[in-house]
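Data block below; observations after.
The values are calculated or read from the model by the stated rules, or taken from the named source; none is laboratory data. Fair warning: this is a prediction, and the values are worked out from it, not measured in the lab. Cβ coordinates were reconstructed from backbone atoms using ideal geometry, including for glycine residues, and neighbour counts include every protein chain displayed. When the accessible area is computed, the model is the full protein with side chains, heavy atoms only, and any ligands, DNA or RNA have been set aside. Shrake-Rupley method; radii C 1.70, N 1.55, O 1.52, S 1.80 Å.
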Amino acid sequence: MKYGLLLLFALTLISCSKEQPALVFELQEEQYRPQIHFTPEANWMNDPNGMVYYEGEYHLFYQYYPDSTVWGPMHWGHAVSKDMVTWERLPIALYPDSLGDIFSGSAVIDWNNTTGFQDGEHPPMVAIFTQHLMEGERSGRIDFQTQGIAYSLDKGRTWTVYDGNPVIPNPGIKDFRDPKVIWHEESEKWVMVFAAGDRIKFYTSPNLIDWQFESDYGMEEGAHGGVWECPDIFKLRIEGEDREKWVLLVSINPGAPNGGSGTQYFVGDFDGKTFTNSQYPERTSWLDYGRDNYAGVTWSDIPEEDGRRLFIGWMSNWDYAQVVPTEEWRSAMTLPRSLHLKRNDQTGVYSVESRPVKELESLESDKIEMKYNAKVGKNNVYRFDQRNDKQFQLPYKLEVTFDLSESSSKYFGVRLDNPETGDVYELGFKDGRLFSDRTKSGNTDFEERFAKEIHYTQTRNISDDQKVELEVFFDHSSVEIFVNKGEFSMTELYFPKQGYMRGMIFSKEGEVTFNGLTTTSLKSIW
């Protein structure tokens, strides 16, 4: 018995060690576990929350239910990274309390100690979040969501919930949530933007505690197919110009261009109190056209010398998020991206572009430039899975440039398949629009909407382009597609039964020419 207890104690020490070699092996071996994306070790995750940078660490908090692989009473999970690529999971940061579950929100560094919370060398890291009182919702009340704060004085490792919560009581609105807070330099005030049903609300504060309502936005602008959620607001410099515009992100569920959850954006001006749209009111702009990029927001307090606006999203969709065929965990985050603002000289329309962050290059190995000036037609394909006699396996990055001036095809792209199981996933262009086809991608019958139809971009048509560049990141259960250095993108899940064995360039109508193709194996972050 004594030796058994000693063995149990030794095994416990091993399981709790920081490196956790057994866990690393398990995460690499799970069938659908992403290898280049953040996932919780186990159980349910959704929206990214509280994203803030401080002293060399990117903090990622997230909606987390530690007791199940489906949604439940929300906590804030927590992870940190030095590069947004490899992550260290930390203990749960915030737990439900008497005011409710901890829904989505944001975090900032209170550099000037406007809260008065500082007690030591570190300025307060302040989390701002919605508290959702489930008992209030069940009883039929509509005022069950309020805004609260908590603070950390040790770089986010431990948290104190403010005893004066809520800092913003509910004014009588059913959907009243997801605060994103920024410091507005011009007015020298904190600004809170959050979602309230079919609109965005702006509040201001001198100290993150005392808040004043300023304005509403969006009741008659943008998409309104569902409830507005998870807003963000920030300035971006217009590329090629010496001026800036404000960008307002708003997620919506349902109502996305390919169904279910998605994120729209508005470009305009903001004076610290009121946002004014510079685009056409009837125009809806989407940050990503795939089915699986939702509730994304950006990191606060990125150093000025970096200068990037860095973004990450929840890689799923509420249409099927709780039934995807993963066993130990549910949901992953997208790859981190930098956001960029461009203006079309002819139309004057602004667009926000997404580009994978340069830090992902640290995962690259075995890069092969495979072919130049090649053609494929409907009777042949070009295989890029044969890599120096090495077995084809994910994750990897594919870069290919199609020369449309030399092509007759209107339907071409990239195919992954497994001839043994019949699983096929395709992406590419059809009649000028980017598409993602997971209708026969593998395990699809867990929810009828998952693979019901092919997904397309709704606006941009590449028919008049001379060239089109694709940068595609394939992981075990997802694909992220970036066109023309992030001009538009699609993020999608797939679940092949036994993994894809082959990769190829195809054309179904006429011939297509590609001028370059590079494949790069990517190392696991686990």
I'd like to know if the stretch 133-140 contains one or more residues that are charged (D, E, K, R), in contact with a strand residue (DSSP E or B) (Cβ under 9 Å, 6 or more places away or on another chain) and at negative phi. yes
If you take the residues of the stretch 304-323 that are open to solvent by 10 Å² or more (accessible area, probe 1.4 Å) and in contact (Cβ under 8 Å) with a residue 60 or more places away in the chain, which of them is farthest from Ser104 (Cα to Cα)? Val323
Could you pull out the residue among Glu221, Glu241, Glu214 that is surrounded by fewer than 16 Cβ atoms within 10 Å (Cβ to Cβ), in contact with a strand residue (DSSP E or B) (Cβ under 9 Å, 6 or more places away or on another chain) and over 17 Å from Phe311 (Cβ atoms)? Glu241
If you scan the stretch 193-204, which residues turn out to be surrounded by fewer than 19 Cβ atoms within 10 Å (Cβ to Cβ) and more than 16 Å from Asn253 (Cα to Cα)? Thr204
For Asp83, state whether it is among the acidic types (Asp, Glu), part of a strand (DSSP E or B) and open to solvent by 10 Å² or more (accessible area, probe 1.4 Å). no
Residue list for the stretch 348-380, restricted to those being among the aliphatic types (A, V, I, L, M), crowded, with 19+ Cβ neighbours inside 10 Å and more than 17 Å from the chain's Cα centre (by Cα): Leu363, Val376
For the stretch 458-508, give me each residue that is over 17 Å from the mean Cα position of the chain (by Cα) and hydroxyl-bearing (Ser, Thr, Tyr). Thr459, Ser463, Tyr500, Ser507
Identity of the residue in the stretch 115-132, β-branched (Val, Ile, Thr) and not in a loop (DSSP other than H, G, I, E, B), that ends up nearest to Tyr54 (Cα to Cα): Val126
Only one of Glu447, Glu480, Glu471 that is touching a Pro at 6+ places or on another chain (Cβ under 8 Å), at pLDDT 95 or above and surrounded by fewer than 21 Cβ atoms within 10 Å (Cβ to Cβ): Glu471
Checking Phe144 against (1) within 21 Å of Tyr53 (Cα to Cα); (2) aromatic (Phe, Trp, Tyr); (3) more than 27 Å from the chain's Cα centre (by Cα), which test does it fail? (1)
Hits in the stretch 429-440 - residues which are of a type outside the set (Phe, Trp, Tyr) and more than 22 Å from the chain's Cα centre (by Cα): Lys430, Asp431, Gly432, Arg433, Thr439, Lys440
Looking at the stretch 63-80 only, could you name the residues that are in contact (Cβ under 8 Å) with a residue 24 or more places away in the chain and either farther than 20 Å from Pro179 by Cβ or assigned to a loop (DSSP other than H, G, I, E, B) (or both)? Pro66, Asp67, Ser68, Thr69, Val70, Trp71, Gly72, Pro73, Met74, Ala79, Val80
Qualifying position, being under 24 Å from Asn515 (Cα atoms), exposed (fewer than 13 other Cβ atoms within 10 Å of the Cβ) and free of Cβ contacts under 8 Å to residues at least 40 places away in the same chain, among Asp431, Asp345: Asp431
Only one of (1) out of contact with any Asp or Glu (no Cβ under 8 Å at 6 or more places or on another chain); (2) open to solvent by 30 Å² or more (accessible area, probe 1.4 Å); (3) of a type outside the set (Phe, Trp, Tyr); (4) closer than 23 Å to Thr146 by Cα fails for Gly226. Which number is that? (2)
Which members of the stretch 176-192 meet the condition of being surrounded by fewer than 17 Cβ atoms within 10 Å (Cβ to Cβ) and either of a type in the set (Ser, Thr, Tyr) or within 23 Å of Asp143 (Cβ to Cβ) (or both)? Ser187
How many residues does the stretch 279-303 hold that are open to solvent by 40 Å² or more (accessible area, probe 1.4 Å), more than 29 Å from Glu453 (Cα to Cα) and either in a strand (DSSP E or B) or modelled with pLDDT under 95 (or both)? 2
Tell me the strands (runs of 3 or more DSSP E) entirely within the stretch 455-495 that contain at least 2 residues that are over 20 Å from Ser338 (Cα atoms). 467-475
